[in-house]
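The values are calculated or read from the model by the stated rules, or taken from the named source; none is laboratory data. For clarity, every value in this text was computed on a predicted model and none was experimentally measured. A quick note on method: Cβ atoms are made from the backbone with ideal geometry, for glycine too, and the neighbour counts reach across all protein chains shown.
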Amino acid sequence: MLPAARALTGMVKVSLLRLHLIHSVGEVVGNAGTDGRFAEYEEWFMTTHKQAKAMAKRLRAALAASGTDIPHAQALELVASQLGYANWNVAAAALDSDPEGKIHFRRAIPILRIFDGAKAREFYCDFLGFGVDFEHRFEPALPLYMQVSRLGLELHLSEHHGDASPGATVFVPMQGVRALWQELNEKQYSYGRPGIKTQPWGNVLTVHDPFGNRLQFCQAHDSQLQSNDFTPNGIPVAMKREVGF
């Protein structure tokens, strides 16, 4: 963890940090875009080098206002981490100052079908430890759409029947799978006590949500931690050979 992140532990929750980042590039986009659910988060999904620097400046100011002073360099590192980059140098190289006309891919965010908001929170928040970043309904009685996240992993959960089908699988490369296994089993979740299965591509912890979806948390074996042991989309090469996709 970055020194600045350690300094913020217990003072700034990830969800609040994300809100600082979302609003740091200017006013809310409002009704722009074709999908009202994402209109006010458009700047979050399409971040340029200039916007990222503005995020760091405003985040630093917001933290200073609450009594926490951090150097500008550490603010840049926090922004880079929240955008999914290893450090600011990597982020600065990846974030083009003028992305128009060029192809840029950000992180993929799975959309999982859910049927009950309370059950979804029980599983994803109480059991798996995710936090809710935002919630949206077009009207109070209409289906829920929300984003949950934990330590850089983001998931979109939707009650809208056209967004996704039950039975999806999300493969999550990670470190610390045994610590996650211990954490989950200590919670004594009534509907599942997951175990770790050793596969040729790593140790896999599979959990099933109440809606037929499953998440596979995989820590590669020590001999597979080199970058060339993974396909461009993050799937271990050994798994690709074994499963045949």
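Listed values, structure above:
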quantity	calculated
Among the residues listed as LEU151, LEU155, LEU180, the single one being out of contact with any Lys or Arg (no Cβ under 9 Å at 6 or more places or on another chain) and at positive phi	LEU151
In the range 166-195, the residues that are among the hydrophobic types (A, V, I, L, M, F, W, C) and touching a residue at least 60 places away in the same chain (Cβ under 8 Å)	VAL170, PHE171
Residues located in the range 155-169, provided they are crowded, with 17+ Cβ neighbours inside 10 Å and not small (Gly, Ala, Ser)	LEU155, HIS156, LEU157, GLU159
Filter result (closer than 15 Å to ILE111 by Cα and more than 21 Å from the chain's Cα centre (by Cα)) within the range 142-163	PRO143, HIS161, GLY162
Filter result for THR198 (out of contact with any Gly (no Cβ under 8 Å at 6 or more places or on another chain), assigned to a strand (DSSP E or B) and touching a residue at least 12 places away in the same chain (Cβ under 8 Å))	no
Total residues in the range 117-144, condition of a type outside the set (D, E, K, R), surrounded by fewer than 12 Cβ atoms within 10 Å (Cβ to Cβ) and part of a helix (DSSP H, G or I)	1
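Listed here are the residues, each with its yes/no results for (1) surrounded by 12 or more Cβ atoms within 10 Å (Cβ to Cβ); (2) modelled with pLDDT of 85 or more.
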site	(1), (2)
ARG6	no, no
VAL14	yes, no
HIS23	yes, no
VAL28	yes, no
ALA94	yes, no
ALA108	no, yes
PHE115	yes, yes
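Residues checked against (1) acidic (Asp, Glu); (2) within 18 Å of the chain's Cα centre (by Cα); (3) farther than 20 Å from PRO194 by Cα; (4) outside the structural domain of GLN82 (by TED's automatic domain parsing):
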{"residue": "ARG121", "(1), (2), (3), (4)": "no, yes, no, yes"}
{"residue": "PHE130", "(1), (2), (3), (4)": "no, yes, no, yes"}
{"residue": "PHE134", "(1), (2), (3), (4)": "no, yes, yes, yes"}
{"residue": "PRO140", "(1), (2), (3), (4)": "no, no, yes, yes"}
